1. Nearest 500 deg cm²/dmol is fine: what mean residue ellipticity at 222 nm does the chain get from its DSSP H runs of n ≥ 4 alone, each adding -39,500 (n - 2.57), divided by its residue count?
2. Could you pull out every one of the lysines with an alpha carbon less than 29 Å from that of LYS93, ignoring same-chain neighbours closer than 8 positions?
3. On a full-extension model of 0.36 nm per residue, what is the gain between GLU115 and ALA65, subtracting their alpha-carbon distance, rounded to one decimal in nm?
4. From largest to smallest, what semi-axes in whole angstrom does the chain give when each is the square root of 5 times an eigenvalue of its alpha carbon gyration tensor?
5. Fully extended, how many nm does the chain gain between ILE9 and ALA137 (0.36 nm per residue separation, minus their Cα-Cα distance)?
6. At most 13 other Cβ atoms within 10 Å plus a DSSP loop assignment makes a site exposed; report the longest stretch of the chain without any exposed trypsin sites (Lys or Arg not before Pro).
7. I need to check one value: relative contact order of the chain, counting alpha carbon pairs closer than 8 Å and at least 6 residues apart, in percent.
8. I'd like to know how segment 58-155 sits against the 2.2 N^0.38 Å rule of thumb: what's its Cα Rg over that expected value?
Amino acid sequence: MGITSEKSIYKKNINNYQSNINFISYIFCVLSVFGSLLLLIGLMLTGVFSKLKWSNILGLALYFAVTLIVSSIIYFLTVRKNRDNPTVTKIFKYVLVLGSYANYLGIVKNVPYAEAWGTIFFSVSLSALYLEFSTLAYSAFLCTGVSVISYFTQQTYVPQGNVLSELILRGLSISFGFSGAMLTIMY
């Protein structure tokens, strides 16, 4: 077997993996949205999240619904019909990662707790599934952007107490998450 045929087999296997991961990522996103809403409702009803109100849950549900509808339309119009098309796979993965960060902004806006920043690791993990550095770089850019937007627009996002040390710890945690994702992609 020559080098050219090995490269084409490798490229075909990567394209097949990415086509399959689109479906898995889509299902993963749908289940996580419904699971997170149920968990937040349960925590609100039991009094664990006493600051959470029904208006927050409704706002978050609407936010999730819009991103799910958009990603569902894109998934069914592109990926299902053009499963072997690498361009379609590329478009869908970027839209899905963008949607996960849009959901993150919805969580930060509607869940009045400073610890909501921890949900950003879902988006990092989702982008690592595609095994591409470009997707992870896109995710890092979005992560930085939504973190800055959240810091300046949501008062509950700002940590209490020693703000500088909290922000440094958040930055380190997110950096470690991206480093782990990069190691996953490289090896």
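Bear in mind these aren't lab numbers, they're just calculated from the coordinates by the rules spelled out. Because the structure is predicted, anything quoted here is derived from the model rather than measured. Cβ placement follows ideal geometry from the backbone for every residue including glycine, while neighbour counts extend to all protein chains displayed.
1. -27000 deg cm²/dmol
2. Straight-line reach from LYS93, under 29 Å: LYS7, LYS11, LYS12, LYS81, LYS109.
3. That pair, GLU115 and ALA65, stretches by 15.7 nm at full extension.
4. Rounded to whole Å, the semi-axes are 34, 21, 12.
5. 43.5 nm
6. Segment 82-187 is the longest.
7. So the answer I get is 21 percent.
8. Against the empirical 2.2 N^0.38 Å value, I get 1.13 for segment 58-155.
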